[in-house]
Structures are given as structure tokens and as C-alpha cells.
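Since the structure comes first, as C-alpha cells, the remarks are kept for the end.
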Amino acid sequence: MGRKNIISVLEKLINQAHFHCEWQINWLEDSRAVVLNLQIPLSNKQKVSLLNNKGQETDVEDILYETRVLFYDDQLYSLESTQFLKTIPVDQLIGIEYGELLSIVMYLKRVMNKVPLYFHEFLNNSESDLFVIEWQENEYQLLKGRILDQHRFSQERVFLPK
């Protein structure tokens with residue numbers, strides 16, 4: 001039996017989860033990392049003036065919000081980055097559990113489904129001028145625990161491409 005490729009597994013899981021956002025998976029061969037890009041359109045009907053990620057002020061009505069998750073070779077790096085929603089180490093020898101990927105995808109679907117609501121609340125109630133979604137580890141662990149309890153957590157190993 002061949003080694004399962006993380007890109008194929010992520011594509012399968014995301015397709016099965018029916019994400020309500022655009023997504024793309026990129027293999028960064030030189031960095032030995034996989035980037036999962038997630039994008040969702042947001043509405044700024046009141047044309048509230050916002051700062052974009054380059055520090056430029058904008059008041060456009062339609063905004064494309066993007067966040068990313070990085071799966072990286074933990075033999076090459078030890079990462080914590082604010083450029084990503086989450087950085088996830090993958091051991092080059094033992095990989096990552098299929099159940100972990102399932103938990104991550106299910107959590108990301110929940111997060112992305114809530115982004116429009118969070119953005120609406122941000123526009124109407126926020127004192128901040130920075131809209132950002134953060135990974136909530138406690139919520140992720142609760143979801144992962146439910147998947148474990150339901151015996152849906154496969155310990156089969158999945159690997160970064162060679």
C-alpha cells in the first residue's frame with residue numbers, strides 16, 4: 001500500500017465537506033510545505049472605511065477575505081506565524097494522522113461558515129480597525145474529541161509529497 005499524499009487527502013476531505021468558500025491547495029516544493037488558501041466574499045454595503053492587509057485604506061462594497069493554513073516539514077522548520085490562521089507540523093518520517101486532517105478540515109469549515117457573521121459584527125460593533133479570524137484551539141480540541149468519540153478518527157498516516 002502506497003503512502004497517502006496530504007494534498008490528495010485534503011482535496012478529498014474538503015470536497016466531501018462542501019465548503020461554502022473558495023479554496024486552493026499549493027505545494028511549495030522548495031519549502032517542503034503545503035498551503036491551504038481559503039477565500040470568502042464579504043459585503044461592506046455601508047462602505048465602512050477599512051485598512052487592507054497592506055495598510056491602505058479602502059471602502060469598497062465587496063471584499064474578498066483570505067486566510068491560509070500551512071502544513072510544513074517539522075524537520076526543516078519550527079514555525080509560529082501570524083501570516084497563517086494555523087501552522088501545522090508534519091513529521092517527514094511518520095506523517096500526520098488522517099483523523100487529524102479530518103478534524104482540521106471540519107474545524108475550518110465551521111470557521112469559514114462563521115466569517116460573514118464575524119465580519120458583520122466587526123462592522124457594527126468593533127472598536128478595532130483590524131478584522132482577523134483566529135484559530136481557537138479549545139474549539140478545535142472539542143471538535144476533535146467528538147470525532148474521536150464517534151470513532152471517526154483514523155490513525156492512518158498521511159505524508160507531505162516527496
In degrees, nearest 10, the alpha-carbon axis of helix 98-125 is tilted away from the dominant principal axis of the alpha carbons of the chain by 10 degrees
Once the Cα atoms of helix 137-149 and of the chain are each reduced to a long axis, what angle between those two axes, in degrees from 0 to 90 to the nearest 10, is obtained?
-> 40 degrees
Cα-centred dipole magnitude for region 28-105, charges only on beta-carbon of K, R (+1) and D, E (-1), debye, nearest 20 = 300 debye
Assign unit charges at the C-beta atoms only (+1 for Lys and Arg, -1 for Asp and Glu), then state the dipole size of region 1-153 relative to its Cα centre in Debye, rounded to the nearest 20.
-> 600 debye
All aspartates and glutamates inside 19 Å of K4 as judged from Cα atoms, apart from same-chain residues fewer than 8 positions distant | E29, D73, D74, D91, E97, E100, E156
Loop-resident sites, region 28-102, for trypsin sites (Lys or Arg not before Pro), counting at most 10 other Cβ within 10 Å (DSSP) = K45, K47, K54
Return a single number: how many Lys pairs in region 21-162, at a sequence separation of 8 or more or on separate chains, have alpha-carbon atoms below 23 angstrom apart.
-> 10
Set of region 90-134 residues, backbone N closer than 17 Å to the point 7 Å along the Cα-Cβ line of I63 = 112-134
Compare the peptides 87-100, 145-158 by average per-residue count of other Cβ atoms within 10 angstrom and give them in order, highest first.
-> 87-100, 145-158
Longest principal axis of the chain (C-alpha) makes with the long axis of helix 6-17 (C-alpha) an angle, in degrees to the nearest 10, of 60 degrees
Please give the calculated 222 nm ellipticity per residue for the chain, where each DSSP H segment of at least 4 residues contributes -39500 (n - 2.57) and the sum is spread over every residue; nearest 500 deg cm²/dmol?
-> -11000 deg cm²/dmol
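Readers should treat all values here as calculations from the given coordinates under stated rules, not as data from a laboratory. Just so we're clear, the structure is a prediction, and the values are computed from it rather than from any experiment. Here the Cβ is made from the backbone with ideal geometry for all residues, glycine too, and neighbour counts use every protein chain on show.
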